[in-house]
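The values are calculated or read from the model by the stated rules, or taken from the named source; none is laboratory data. Remember, it's a predicted structure, so these values are computed and weren't measured experimentally. Here the Cβ is made from the backbone with ideal geometry for all residues, glycine too, and neighbour counts use every protein chain on show. Only protein heavy atoms, including side chains, enter the accessible area calculation; ligands, DNA and RNA are left aside. Shrake-Rupley method; radii C 1.70, N 1.55, O 1.52, S 1.80 Å.
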Amino acid sequence: MGRGKIEIKRIENSSNRQVTYSKRRSGIIKKAKEITVLCDAQVSLVIFASSGRMHEFCSPSTTVVDLLDKYHKQSGKRLWDAKHEHLSNEIDRIKKENDSLQIELRHLKGQDILSLPHKELMAIEEALDTGLAAVRKKQMEFHSMLEQNEKILDEEFKHLQFVLQQQEMAMEENAMEMENAYHQQRVRDYNSQVPFTFRVLPIQPNLQERM
């Protein structure tokens, strides 16, 4: 007794759906591998489950990107929008500029210049002369700035020395004034403590004049 025809529709039971997906996925990947080996075909297979998990297979002789490029060229369909195409073109342009700059840098370092024509060698020499002049100018500016900074520091140091000397002189004057005031106070204190003495005065102050 043969198997009945299965109606193709969504499986409502999640467990049965997952089991069926796993079996069918394995089967279709197996078929893709077989047609790749038996028929020397280039096959790319990408499957996304309802959970978002991805499974893929690609023939060992190619890549998914190469197959997409072939599909794009042969079908004439636009797989990427204008924004992505512009981005891809910009990346290619930057890569070419980077390669050109790398070659130019090697030339400036003196590498791979034996095969260059005389005109390009003259251009490299001019670029090196210009760069050397710029470096020397920058060095002169740097040395000038150093000299100016040294001059400013020297002037500041002299000013600080002058201020310090003035402060030291003022402190010495204050110390002398305090010392003089102290001695004067000692003399006044001493005089106030000496007992009063009488002096013998002549009875006749003008006696000597008469004699």
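Here are the numbers:
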{"read-out": "Global form of the range 50-170, assessed from the alpha-carbon gyration tensor, a/c cut-off 1.5", "value": "oblate"}
{"read-out": "Residue-normalised accessible area of the chain, expressed per residue, 1.4 Å probe, Å²", "value": "95 Å²"}
{"read-out": "Dipole in debye (nearest 20) - the chain, about Cα centre, beta carbon charges: Lys, Arg +1; Asp, Glu -1", "value": "2960 debye"}
{"read-out": "Net charge, LYS119 excluded, C-beta distance under 14 Å - Lys, Arg +1, Asp, Glu -1", "value": "-3"}
{"read-out": "log₁₀ of I(q)/I(0) at q = 0.15, 0.21, 0.22, 0.26 Å⁻¹ - the range 14-102, Debye sum with one point per alpha carbon", "value": "-0.81, -1.06, -1.09, -1.21"}
{"read-out": "Loop sites in the range 47-79: trypsin sites (Lys or Arg not before Pro), DSSP, at most 16 other Cβ within 10 Å", "value": "ARG53, LYS77, ARG78"}
{"read-out": "Euclidean distance between Cα centres, the range 133-174 to the range 58-128, Å", "value": "56 Å"}
{"read-out": "Nonlocal amide H pairs with LEU45, under 5 Å, H built at 1.01 Å", "value": "PHE57, CYS58"}
{"read-out": "Residues of type lysines that LYS9 reaches as a straight line, Cα spacing below 22 Å, ignoring anything fewer than 8 places off in the same chain", "value": "LYS23"}
{"read-out": "Helix-derived mean residue ellipticity, 222 nm - over the chain, DSSP H n ≥ 4, -39500 (n - 2.57), to 500", "value": "-24500 deg cm²/dmol"}
{"read-out": "Cut-off 14 Å (backbone N to label point 7 Å along Cα→Cβ of ASN174), residues of the range 146-160", "value": "none"}
